[in-house]
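The values are calculated or read from the model by the stated rules, or taken from the named source; none is laboratory data. Because the structure is a prediction, the values reported are computed rather than measured. Cβ atoms come from the backbone with ideal geometry, glycine included; neighbour counts cover every protein chain shown. Please note that ligands, DNA and RNA were not included when accessible areas were found on the heavy atoms of the full protein model with its side chains. Shrake-Rupley method; radii C 1.70, N 1.55, O 1.52, S 1.80 Å.
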Amino acid sequence: MKSLCVFCGSSSGARNGYSDAARDLARVLVGEGIRLVYGGASVGVMGALADEVLAGGGEVIGVIPEGMMRHEVAHHGLTELRVVDSMHQRKALMAELSDGFVALPGGLGTFEELFEVYTWAQLGIHVKPVGLLNAAGYYDKLIEFLDGAVEERFLSSEDRSVLLVESDPRLLIEKFKLHRPPSVSKWAAIKKLST
């Protein structure tokens with residue numbers, strides 16, 4: 001794995017543990033020689049993540065829409081900052097530049113980015129690992145919800161297993177290294193859910 005895309009909040013959130021988890025992940029990325037690809041902001045969990053990778057001598061590529069540049073949230077100390085026209089272009093470029101995807105705590109943008117790449121994995125559009133770094137239990141209720149979707153037969157257990165979950169960034173990266181896409185296709189899983 002050469003590059004990892006990390007989705008996370010432009011806010012620091014209510015707990016120090018969220019930015020602490022970002023810095024812990026950053027140190028693992030630097031130690032593994034993995035380049036960070038992220039949303040390009042200098043604030044919140046995003047800023048803590050990028051700053052720690054840079055402080056450790058790692059490489060960081062930020063991808064930010066032009067409209068956000070005007071709000072002065074762009075991180076200007078990155079290895080590379082790519083400015084795009086839209087959020088759609090941002091997500092497509094981050095996906096293209098990355099070998100896997102991790103969501104740290106964040107808000108609606110983080111959720112939307114996570115579920116898009118998770119859906120792409122489910123549909124076989126990519127075979128890259130997708131994971132949650134469940135810092136301070138932030139994603140506990142989301143994990144419970146997804147497990148409920150399996151029970152209600154709207155999500156197959158195979159598709160649920162695509163989303164890797166850990167609270168320790170080193171363990172999550174180890175799972176990424178061992179990742180193998182599911183052998184059951186989305187369409188076979190749908191047929192199984194329908195019976």
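Going residue by residue through the range 44-60, is there one that turns out to be of a type in the set (A, V, I, L, M, F, W, C) and more than 22 Å from residue 170 (Cα to Cα)?
The answer is no; no qualifying residue exists.
Given the condition within 26 Å of residue 27 (Cβ to Cβ) and among the β-branched types (Val, Ile, Thr), answer yes or no: does some residue in the range 77-98 qualify?
Yes, the conditions are met somewhere in the range 77-98.
In the range 107-118, how many are of a type outside the set (Phe, Trp, Tyr), at pLDDT 95 or above and open to solvent by 10 Å² or more (accessible area, probe 1.4 Å)?
Residues meeting the conditions: 5.
Which is at pLDDT 95 or above, open to solvent by 70 Å² or more (accessible area, probe 1.4 Å) and assigned to a helix (DSSP H, G or I), of 142, 171?
Just one listed residue meets the conditions, 171.
Exactly one of these conditions fails for residue 47: (1) surrounded by 15 or more Cβ atoms within 10 Å (Cβ to Cβ); (2) within 21 Å of residue 116 (Cβ to Cβ). Give me its number.
(2)
Is there a residue in the range 84-94 that is under 17 Å from residue 62 (Cβ atoms), assigned to a helix (DSSP H, G or I), free of Cβ contacts under 8 Å to residues at least 12 places away in the same chain and among the hydrophobic types (A, V, I, L, M, F, W, C)?
yes
Which one of the conditions (1) in contact (Cβ under 8 Å) with a residue 60 or more places away in the chain; (2) within 28 Å of residue 127 (Cα to Cα); (3) open to solvent by 10 Å² or more (accessible area, probe 1.4 Å); (4) part of a helix (DSSP H, G or I) does residue 10 fail to meet, given that it meets all the rest?
Going through (1) in contact (Cβ under 8 Å) with a residue 60 or more places away in the chain; (2) within 28 Å of residue 127 (Cα to Cα); (3) open to solvent by 10 Å² or more (accessible area, probe 1.4 Å); (4) part of a helix (DSSP H, G or I) one by one, residue 10 breaks only (4).
Among (1) closer than 16 Å to residue 170 by Cα; (2) open to solvent by less than 50 Å² (accessible area, probe 1.4 Å); (3) of a type outside the set (Asp, Glu); (4) in a loop (DSSP other than H, G, I, E, B), where does residue 26 come up short?
(4)
Taking the conditions exactly as written (touching a helix residue (DSSP H, G or I) at 6+ places or on another chain (Cβ under 6 Å), of a type in the set (A, V, I, L, M, F, W, C) and either open to solvent by 40 Å² or more (accessible area, probe 1.4 Å) or over 20 Å from residue 29 (Cβ atoms) (or both)), does residue 121 satisfy them or not?
yes
What is the residue count in the range 103-117 for residues that are under 10 Å from the mean Cα position of the chain (by Cα) and acidic (Asp, Glu)?
Adding up the residues that qualify gives 1.
Counting only residues that are over 22 Å from residue 41 (Cβ atoms) and among the β-branched types (Val, Ile, Thr), how many does the range 94-144 have?
Here the count works out to 4.
Test residue 162 against the criterion of being of a type in the set (A, V, I, L, M), within 18 Å of residue 179 (Cα to Cα) and at pLDDT 95 or above, and give yes or no.
no
Output the residues belonging to the range 50-76 that are open to solvent by 50 Å² or more (accessible area, probe 1.4 Å), assigned to a loop (DSSP other than H, G, I, E, B) and over 17 Å from residue 9 (Cβ atoms).
57, 59, 70, 72, 76
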